[in-house]
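Engineer: Dumping the structure here so I can ask a few things about it.
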Amino acid sequence: MASEYPTKVSIKLLIDQESSKVIVAEAGSDIVDILRSLLKFPLGNIARLLGKHQCLQRAGCLNNLCNSVENLSLTSFRTDACKSMLLNPRSIYEDEYSKKLKLYMDVSEPTGYFLCGTYLCIKTGRWFSHYKTPRCSCGELMDNPTDIGELKDYPTDMCLKVGTVAYKDESEGESMFFMTDDLRVMHGLPGDLMNILLNLGINNVCQIEEKVVDISSNEFMLVAPNVKERTEKDSKTRVKIMLRKSDRKILYGEANEDFVDLLFSFLTIPLESALELLAGKGFTVGSISNMLKDLDTIFSITKQNSYQDGILPPFYSCPIELPSICAQQPTKIFHKSYGYLKQSDPKSPILQKTNSRGYFKKKSLFVITDDLVVKSLSSVSSFSLLRETGTPLCDVEQQVISIGEVEALVLLRACICSSSALSALLNLYVKQPKQEPQ
């Protein structure tokens, strides 16, 4: 699949020869389309892509969350598919960006369609799954792949719902855009460039050098930080944080499956949706928010009704949901050989039973580090944990924090742009001890 895509696209840099700094980048529609597509990717897929390139900056704590999912035993999850859903989150936009991208990003695996393999179930096929680990009502695995070509000719009223990505109309001409260092994006008009140069105090265009560089998928992977915090209460779960009294260093946290479901659900949220949610609640997430705002303005994207059906694929909801982050309803498809098929809930051990439960089994307990490495308590010795901290027990303090909407948003922001997520949460409530005057 990767061979169908070019490995690089080009961008022109305007460089101030006196300071050797890039003033602005001039890019075509291809690069802007790639940036717009990246905003549609789930956070977990972006973190996974970053993790493949050691030279790139990691995205907050997201990489640790991804690794934690991979390292957790299957026995911690409600079903095997729950782990697959978090390791390779699907997106309602995946069909759009996989077809439109001009540069191969290797972001997600192709969506599969699986049926039960027993003759009777095939004959009376009523269910399909995007994963091959759920069990049919007959007890057999739904691991029989079906050709996606068989699903092409279903009635339009039963089409799979997907989001729309506002790409350039193929009938339109090529456009050029300017991008600044703080990720502001604007049309590539001479007047806009003149304003940029004047604002930087550059009057002599002769001191500007043009340089064309090739950009690979590596160069598109970057996320930046900054947040303003505020508090309010709407408690839905809790986390107990152990910290050292002497220096306020967080040793670890303890939580049940509801809190961990919330953490791992961040991996499934599209970057664009996370940025919009945080901005709408008074949080800032650095310069990447500039890019989102400018692209929406340039392409006149209105989103009042865009997400009324949900921004997550079916069954990606959790007991604790962030505002506006909800899953679409299960879909039906029409198979030329088997007729209408309902989508099965991959998180439910029983095929025909569907609910909004999370990814982990009830009454599960977990240990969480400040940078969100998550381990099942069943795999960690409590005694070893205390000993590894190297902290006298008299110097350990416990803080129980209730998690409501604002606390969840602080965690989401910290996941994207901080390596100390639990510290960000604790700072909402715990005041630093005053320094005694010398």
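The values are calculated or read from the model by the stated rules, or taken from the named source; none is laboratory data. Nothing here was measured: the structure is a model prediction, and the numbers come from that model. Cβ: placed from backbone, ideal geometry, glycine included. Neighbour counts: every protein chain shown.
Engineer: Pick out the one residue from Glu70, Glu26, Glu18 that is more than 15 Å from the chain's Cα centre (by Cα) and part of a strand (DSSP E or B).
Structural biologist: The conditions single out Glu26.
Engineer: So, one more: Could we say that Ile46 is more than 12 Å from the chain's Cα centre (by Cα), at pLDDT 75 or above and either assigned to a loop (DSSP other than H, G, I, E, B) or farther than 27 Å from Ser378 by Cα (or both) here?
Structural biologist: Answer is no for this residue.
Engineer: Could you please let me know if Val69 is among the aliphatic types (A, V, I, L, M), surrounded by fewer than 17 Cβ atoms within 10 Å (Cβ to Cβ) and at pLDDT 80 or above?
Structural biologist: No, not satisfied.
Engineer: A follow-up question, please. When both residues are 6+ apart or on different chains and their Cβ atoms are under 7 Å apart, which pairs have a first residue that lies in region 291-318 and is part of a loop (DSSP other than H, G, I, E, B), and a second that is of a type in the set (A, V, I, L, M) and at pLDDT below 75?
Structural biologist: Taking only residues 6 or more apart or on different chains, the pairs are Phe299/Ala166; Ile301/Ala166.
Engineer: Right, another one. Specify the residue that is nearest to Ser382 (Cα to Cα); the eligible residues are those in region 254-276 that are of a type outside the set (Asp, Glu) and part of a strand (DSSP E or B).
Structural biologist: Among them, the one singled out is Ala255.
Engineer: Ok, one more. Quick one: Ser317 ticks every box in (1) modelled with pLDDT of 80 or more; (2) surrounded by fewer than 18 Cβ atoms within 10 Å (Cβ to Cβ) except a single one, so which number is it?
Structural biologist: (2)
Engineer: Scan region 246-262 residue by residue and report those that are touching a residue at least 60 places away in the same chain (Cβ under 8 Å), surrounded by fewer than 23 Cβ atoms within 10 Å (Cβ to Cβ) and not acidic (Asp, Glu).
Structural biologist: Selection gives Ser246, Arg248, Ile250, Leu251, Tyr252, Asn256.
Engineer: Within region 174-209, restricting attention to residues that are among the small types (Gly, Ala, Ser) and surrounded by 13 or more Cβ atoms within 10 Å (Cβ to Cβ), which residue is nearest to Asp33 (Cα to Cα)?
Structural biologist: Across region 174-209, the extreme among qualifying residues is Ser175.
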